[in-house]
1. V181 versus (1) at pLDDT 75 or above; (2) closer than 21 Å to G160 by Cα; (3) in a helix (DSSP H, G or I); (4) in contact with a Leu (Cβ under 9 Å, 6 or more places away or on another chain): which is the lone unmet condition?
2. Can you find, within the stretch 307-358, the residue that is surrounded by the most Cβ atoms within 10 Å (Cβ to Cβ) among those that are part of a helix (DSSP H, G or I) and among the acidic types (D, E)?
3. Could you give every pair whose Cβ atoms fall below 6 Å, whose first residue belongs to the stretch 131-150 and is assigned to a helix (DSSP H, G or I), and whose second residue is surrounded by fewer than 22 Cβ atoms within 10 Å (Cβ to Cβ) and among the β-branched types (V, I, T), counting only separations of at least 6 or pairs across chains?
4. I'd like the full set of residues that are of a type in the set (D, E) and assigned to a loop (DSSP other than H, G, I, E, B), limited to the stretch 98-130.
5. Could you tell me whether any residue of the stretch 167-175 is outside any helix (DSSP H, G or I) and free of Cβ contacts under 8 Å to residues at least 12 places away in the same chain?
6. Scan the stretch 249-293 residue by residue and report those that are of a type in the set (A, V, I, L, M, F, W, C), under 19 Å from V330 (Cα atoms) and touching a residue at least 40 places away in the same chain (Cβ under 8 Å).
7. Search the stretch 184-202 for residues being in contact (Cβ under 8 Å) with a residue 40 or more places away in the chain and not hydrophobic (A, V, I, L, M, F, W, C), and hand back the single one that is farthest from M145 (Cα to Cα).
8. Between R315, R334, which is free of Cβ contacts under 8 Å to residues at least 40 places away in the same chain and basic (K, R)?
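The values are calculated or read from the model by the stated rules, or taken from the named source; none is laboratory data. Just so it is clear, the structure is predicted and the values come from calculations on it, not from any experiment. Don't worry about glycine lacking a Cβ; one is built from the backbone with ideal geometry, like all the others, and counts go over all protein chains shown.
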Amino acid sequence: MGEALILKIDESKRGLFNRVPLALYRQKIDGRRLTPSAYALFSKIYAFSHTTDEDAVCRLTYKQVCDEFGFARATTATAFEQLRSGGKIQKQDRDAEGTAYKYVEELAGRQYDNVPQALYTAEITVRGVQRRMTLSEIRVLARLMTECSYAGNGGGKYGGGIYEVSNKTLARKLNLSETTVKKAIRALMKARLVFRTAKNKGKNRYKLSGYEVARELYDYKKRQKSKPAVSKKFVPEEVKEANARADREHYYSLLREKAERRAQSFVDRARRDDVYRDVETRLNVMELELAKAEVYDPSKLPALQDKQKRLRLERVRALERLGIDPEQLVPRWRCEKCSDTGFLPNGKACTCYREGET
């Protein structure tokens, strides 16, 4: 695929792809979305579990998942644990080739995307920086690839079609935010994997943007064996440094996302309680009253502050009744020194970073 997309996966697995129903991206556990890595692993297990062979299972090892998806072992373990604990996959037998997993539920909807396995470890160049694609970029690219090979959009087996779509529609189908979709498309266009001509640029809801996908991306169907499994291209030091920074930022973003998601789950659970929700609403109103009193009538502050203390006590009692510690409503960072940002208050890099872990 040239310099646009450098494949890193083993040659024998170049032709692998996962047929993923779009409904899978709306799957949740206890009302929460799965992590991006869990969605990726989930799609592989689902694809193997829904072949013409009713007895088919997906037999995997941690090493295989790490190799095929480029995940760290910790990320792989977290993804498996989330899917197992949420009842999304069933663990079958285990042998020398790995553990067998199966997804047995049926998903509504008939729209599917073909996600080439090679995309997870491939590298692209964006703004002069060579890096791996994010999982959201892979999800967006797979959607465009599938539609551009659809006859209704003028495409064929190896693409060639034009897919007219809005960012809003893509975000809804892929269960992503519009901002994430915009960033993904922008990066894919800069990497020369996706194209949009001037005449196909969207103007309004009646004139949507029309996207084309580089024909070389469909090489996974051809199983080309003339290309090396791993590129030997020289990587400049500045590019290595940029990749290292990107990996570090990704590491900390995953930590923050995990902590924030956990805190939000407790917040959502508390807000389902009528008593807690009422107290929280009154506390929010109280904040406004205090702000106004501080400016226009300071004499009211003592009485309002006493009322605020009583409301806070009511909130604590409501949480105790629900079995929730108030500290669980805010993110618990793994590193107290940098709050999982990677940087200390003095601007220096924190020592808590462990390369290769996520």
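1. The one condition V181 does not meet is (2).
2. Going through the stretch 307-358, the residues part of a helix (DSSP H, G or I) turn out to be 307-322, 326-329.
Retained after the next criterion (residues that are among the acidic types (D, E)): 314, 320, 327.
On the way: E314: 17, E320: 11, E327: 9.
That would be E314.
3. Once the first residue is assigned to a helix (DSSP H, G or I) and sits in the stretch 131-150, its partners that are surrounded by fewer than 22 Cβ atoms within 10 Å (Cβ to Cβ) and among the β-branched types (V, I, T) give S136/T180.
4. The initial filter retains those residues of the stretch 98-130 that are of a type in the set (D, E), namely 105-106, 113, 123.
Those that are of a type in the set (D, E) and assigned to a loop (DSSP other than H, G, I, E, B): E105, E106.
5. Step one: filter the stretch 167-175 for residues outside any helix (DSSP H, G or I), giving 175.
Still in the running and free of Cβ contacts under 8 Å to residues at least 12 places away in the same chain: none.
No, that holds for no residue.
6. Within the stretch 249-293, the first condition is being of a type in the set (A, V, I, L, M, F, W, C), and the residues that meet it are 254-255, 259, 263, 266-267, 270, 275, 279, 283, 285-286, 288, 290-291, 293.
Next cut, under 19 Å from V330 (Cα atoms) only: 254-255, 259, 263, 266-267, 270, 279, 283.
Within the stretch 249-293, L254, L255, A259, A263, F266, V267, A270 qualify.
7. Looking only at the stretch 184-202, we keep the residues that are in contact (Cβ under 8 Å) with a residue 40 or more places away in the chain, and these are 184-185, 187-188, 190-194.
Now drop any that are not not hydrophobic (A, V, I, L, M, F, W, C), which leaves 190, 192.
Numbers: K190: 17, R192: 14 Å.
Only one residue fits best here, namely K190.
8. Details: R334 fails: free of Cβ contacts under 8 Å to residues at least 40 places away in the same chain.
On inspection, the qualifying residue turns out to be R315.
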